[in-house]
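One structure below.
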Ligand SMILES: [Zn+2]
Ligand SMILES: [Zn+2]
């Protein structure tokens, strides 16, 4: 497969952006082809990305797609395929910054709602083993991690971004135990925002957008694992994203 300048521009942009939504990926595809006067076919984005991925393979990277946990929309992210370390972050952050990120991740992974409060994160800043961070340095760091698209902040609570989850899935699956790593029963991807089965003995979890799609076709909503009636209520997170979409 021939890698044109258009493909290279696409890679460069993804290196900077990290993640784009479907519309942005389509626009970027068109832009890259047009700027370099290469043949552009609107519905050939997938083929275009295949060529890009054949080049990225040697760099242990890949463009992957996944439905966003918030709204089910497809995202395209540049992910690391190499190993289980936080490789892509390590060139941009110091050791103590990475330690605070790891410990933030620990908090998120062990919480019920997949978030960590800013207070809890900032309280860890002066007990880092590598090198302490002042509170204000830690605050700046959190802002940077949000703008770099690793964390998402909502009213003082931090969660992992879609890009982070896609990039660090192997790391997360290796580092955390089965109880902490939740997987969606419909799409089998990691789940951080999800609905749970009403049966306390059942461990089935389903992403909100996956549940919407899955149950839409069913006359009676039953758990795909234990057949218990699926509660007809959605969690707050989902209600919020639904009302945001309706707005
Ligand atoms: Zn899912
Ligand atoms: Zn169940």
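Mind ordering 153-164, 51-62, 129-140 by average Cβ neighbours within 10 Å, highest first? Walk me through the numbers before you get to the answer.
On the way: 153-164: 18.8, 51-62: 15.7, 129-140: 13.5.
Sorting 153-164, 51-62, 129-140 by mean packing, highest first, produces 153-164, 51-62, 129-140.
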- Message: Suppose the chain between residue 137 and residue 94 were pulled fully straight at 0.36 nm per residue; how much longer would it get relative to their current alpha carbon spacing?
- Response: 14.3 nm
- Message: Can you sort 174, 203 from fewest to most other Cβ atoms within 10 Å of each residue's own Cβ?
- Response: 174, 203
- Query: What is the chain's relative contact order, in percent, from Cα pairs under 8 angstrom and six or more apart in sequence?
  - Reply: 15
- Task: Using packing as a proxy for protection, rank 113-126, 176-189 so that the peptide with the highest average count of other Cβ atoms within 10 Å comes first.
- Result: 113-126, 176-189
- Rank-order 144-151, 16-23 by packing density, defined as the average count of other C-beta atoms within 10 Å over each peptide's residues, highest first. 144-151, 16-23
- Message: As an exercise, use a Förster radius of 30 Å and the Cβ-Cβ distance of residue 118 and residue 31 to find the FRET efficiency, rounded to the nearest 0.05.
- Response: 0.20
- Footprinting proxy, 112, 167: sorted fewest to most Cβ within 10 Å, the residues are 112, 167
- Figure the gain on full extension for residue 130 and residue 228 (residue separation times 0.36 nm, minus the Cα-Cα span) and round it to one decimal in nm. 30.4 nm
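Which FRET efficiency value, to the nearest 0.05, do you get for residue 5 and residue 198 by plugging their Cβ-Cβ distance into 1/(1 + (r/R0)^6) with R0 = 41 Å?
Details: r = 55 Å, r/R0 = 1.33.
Step by step, r from the Cβ atoms, then E = 0.15.
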- Query: Once you put a point 7 Å from the Cα of residue 147 and another 7 Å from the Cα of residue 42, both along the Cβ direction, what distance in nm separates them?
  - Reply: 3.6
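FYI, it's all coordinate maths here, none of it is from the lab. Keep in mind that what you see is a predicted model, and the values were worked out from it rather than measured. With ideal geometry, Cβ positions are generated from the backbone for all residues, glycine too; neighbour counts draw on all protein chains shown.
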